[in-house]
Amino acid sequence: MVQERYHEPVLVTEVVAFLARKPGIYVDGTLGGGGHSLALLQALDASGYAEQSLLIGIDQDYAALCEATGTLHAYAAHTAVVKGNFQDIDALVKRVCREKRLEPRVAGILLDLGVSSFQIDTAERGFSYLRDGSLDMRMNSDGELTAADIINTYEEQDLAWLFWRYGEEPRSRSLAKAIVAYRHNHGAINRTVELANLIRNHAHGGEKVIKTLSRVFQALRIEVNSELDVLRQALDGALRCLDAHGRLAVISYHSLEDRIVKTLFAEKAKSDWGPKGVGLREPLTYGDIALITRKPLSATPQEIALNSRARSAKLRVIEKMPSRSL
Ligand SMILES: C[S@@+](CC[C@H](N)C(=O)[O-])C[C@H]1O[C@@H](n2cnc3c(N)ncnc32)[C@H](O)[C@@H]1O
């Protein structure tokens, strides 16, 4: 019998080529099943760098940490697996380095955003509208807010705002109204199928309903896990803990995430040339980072044919510049 993988890593060849260039500390902020981490360690090993390297793998999901520990077994001596939120990447890296008596100088960081195939496929986690499970959607099972809490307690206008802001759902208002009316008539909505059926009935079937289902489930997941705020904090933290010439690679899967990554990278890469028309030979201040990928990289058609999750993936990579202040 063929064993299904926990999660098929996306754009793995590209990530390894951009990151695994020298011995040092590497951080996988979204360890998942450890697929990217294993590929990074194997590449460092093949270059003779593994002995002087440490991979710090972070995930907020216990199930992922267990799976990755097994995947990275052969490299256990060069791996530190940590439960935590990547919004605290800076502090988590410092803590591990303190314990291991290493300077916290990071050569490469990967953030492969979102949820893993394993999380989506586990019905009881509630991430999928295709599977019957409790409306949970917490990546970290210690978290307090669930999708059911949102669906059953948010006011109509807050639900509408959520579906619009985080799902870009055009029928956000009428959908929120239908949910509140359903709550009033039938009581709490606690199962994924119950919510999915309500959305299907509201949309009167048709092709568009799949898009609405995806958008609403995406919006709930983002809210439950504060994904966008956490991402902003993580990018700042990652840039802080990178060493000069260290690289950060981010794979995003929807436009809300990618916009945050793109905007922050563009801002940090900008040099200050002073007021227009002054004609300086050198900028007043240089950008903190260099864009290694000017445009995001996408998966090849071959990869997409093998792994449909790769279809929406966008990879952006930057390199931290040495400080050039006098
Ligand atoms: C797309 S999967 C990563 C898959 C991984 N690259 C692999 O090769 O198996 C995303 C993982 O990041 C974790 N994650 C998402 N947001 C997180 C956060 N804010 N802090 C820590 N882990 C997070 C999820 O729990 C999930 O396991």
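Determine if region 137-158 includes at least one residue that is more than 16 Å from the ligand (Cβ to nearest atom), at pLDDT 95 or above and basic (Lys, Arg). Reasoning before the result, please.
So the first thing to find is which residues in region 137-158 are more than 16 Å from the ligand (Cβ to nearest atom), and the list is 148-158.
When the remaining residues are screened for being at pLDDT 95 or above, the result is 148-158.
If we keep only those that are basic (Lys, Arg) as well, we get none.
Checked region 137-158: no residue is more than 16 Å from the ligand (Cβ to nearest atom), at pLDDT 95 or above and basic (Lys, Arg).
For region 255-285, enumerate the residues that are assigned to a loop (DSSP other than H, G, I, E, B) and of a type in the set (Phe, Trp, Tyr). Spell out how you get there, then give the answer.
Our first condition is that a residue be assigned to a loop (DSSP other than H, G, I, E, B); within region 255-285, this holds for 270-271, 273-284.
Once the filter is applied, which keeps residues that are assigned to a loop (DSSP other than H, G, I, E, B) and of a type in the set (Phe, Trp, Tyr), region 255-285 yields only 273.
Restricting the search to region 91-110, which residues are in contact with a Leu (Cβ under 9 Å, 6 or more places away or on another chain) and surrounded by fewer than 23 Cβ atoms within 10 Å (Cβ to Cβ)? Within region 91-110, 96, 97, 100, 102, 105, 107 qualify.
Screening the candidates 103, 67 for the property of being modelled with pLDDT under 95 and in the same structural domain as residue 247 (by TED's automatic domain parsing) yields one hit, 103. Residues of region 122-131 that are in a loop (DSSP other than H, G, I, E, B), in contact with a helix residue (DSSP H, G or I) (Cβ under 6 Å, 6 or more places away or on another chain) and within 15 Å of the ligand (Cβ to nearest atom): 126, 127, 128. The residues of region 286-308 that are farther than 15 Å from residue 245 by Cα and outside any helix (DSSP H, G or I), listed by number, are 294, 295, 296, 297, 298, 299, 300, 307. Among the residues of region 160-210, just one is over 18 Å from residue 127 (Cβ atoms), in contact with a Lys or Arg (Cβ under 7 Å, 6 or more places away or on another chain) and crowded, with 19+ Cβ neighbours inside 10 Å, namely 160.
For residue 219, state whether it is closer than 24 Å to residue 140 by Cβ, within 14 Å of the ligand (Cβ to nearest atom) and among the aliphatic types (A, V, I, L, M). It is false that residue 219 is closer than 24 Å to residue 140 by Cβ, within 14 Å of the ligand (Cβ to nearest atom) and among the aliphatic types (A, V, I, L, M).
Screening residue 96 against (1) under 17 Å from residue 240 (Cα atoms); (2) touching a residue at least 60 places away in the same chain (Cβ under 8 Å) leaves a single unmet condition, (2).
Among the numbered conditions (1) farther than 26 Å from residue 115 by Cβ; (2) surrounded by 14 or more Cβ atoms within 10 Å (Cβ to Cβ), the only one that residue 157 does not meet is (2).
State the number of residues belonging to region 43-87 that are surrounded by 15 or more Cβ atoms within 10 Å (Cβ to Cβ) and over 17 Å from the mean Cα position of the chain (by Cα).
Let us first name the residues in region 43-87 that are surrounded by 15 or more Cβ atoms within 10 Å (Cβ to Cβ), namely 43-45, 49-50, 53-61, 63-65, 67-69, 71-72, 75, 78-87.
Subsequent filtering for residues that are over 17 Å from the mean Cα position of the chain (by Cα) retains 43-45, 49-50, 53-55, 67, 69, 71-72, 75, 78-81.
Total satisfying the criteria: 17.
Among the residues of region 101-121, those that are more than 20 Å from residue 244 (Cα to Cα) and within 9 Å of the ligand (Cβ to nearest atom) comprise 112, 113, 114, 115, 116, 117, 118, 119. Counting only helices (runs of 4 or more DSSP H) that sit wholly inside region 139-236, those with at least 3 residues that are in contact with a helix residue (DSSP H, G or I) (Cβ under 9 Å, 6 or more places away or on another chain) and within 30 Å of residue 317 (Cβ to Cβ) are 156-167, 208-224. Cβ contacts < 8 Å: first residue over 20 Å from residue 175 (Cα atoms) and touching a residue at least 40 places away in the same chain (Cβ under 8 Å), restricted to region 125-152; second residue of a type in the set (Lys, Arg) and in a loop (DSSP other than H, G, I, E, B), any location; separation 6+ or different chain. Result? Here the result reads 145/138, each pair linking region 125-152 to a residue that is of a type in the set (Lys, Arg) and in a loop (DSSP other than H, G, I, E, B).
When residue 115 is tested against the conditions (1) free of Cβ contacts under 8 Å to residues at least 40 places away in the same chain; (2) part of a loop (DSSP other than H, G, I, E, B), the lone failure is (1).
The values are calculated or read from the model by the stated rules, or taken from the named source; none is laboratory data. From a predicted model like this one, the values you see are computed outputs, not experimental measurements. Note that we place each Cβ from the backbone using ideal geometry, even for glycine, and neighbour counts take in every protein chain shown.
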